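Participant: The structure's right below; bear with me while I get my questions together.
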Amino acid sequence: MSSDREEYDMVCQKAVTLIVDLCLHNSSLLDQDTCKDYLLLLSGHGSDRKALVAQKGQTEPKL
């Protein structure tokens, strides 16, 4: 069971890395405003994240 979780975590980490790379290289495959929001959320700036989520009219995900 633990190995399934580790494999899932590795897949998620690779996905996050891919999205970050695409965003940082201004890929035409992604919307740049979405990239800015994603990178801000990923950076973990607490008050900035809450403001961004509120601005988007969403609720923060429960982890």
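The values are calculated or read from the model by the stated rules, or taken from the named source; none is laboratory data. Just so it is clear, the structure is predicted and the values come from calculations on it, not from any experiment. With ideal geometry, Cβ positions are generated from the backbone for all residues, glycine too; neighbour counts draw on all protein chains shown.
Participant: When you scan segment 16-44, how many residues do you find that are at negative phi, part of a loop (DSSP other than H, G, I, E, B) and not polar (S, T, N, Q)?
Facilitator: Total satisfying the criteria: 4.
Participant: Residues of segment 33-63 being at pLDDT 85 or above and surrounded by 11 or more Cβ atoms within 10 Å (Cβ to Cβ), which ones?
Facilitator: The answer is Thr34, Cys35, Lys36, Asp37, Tyr38, Leu39, Leu40, Leu41, Leu42.
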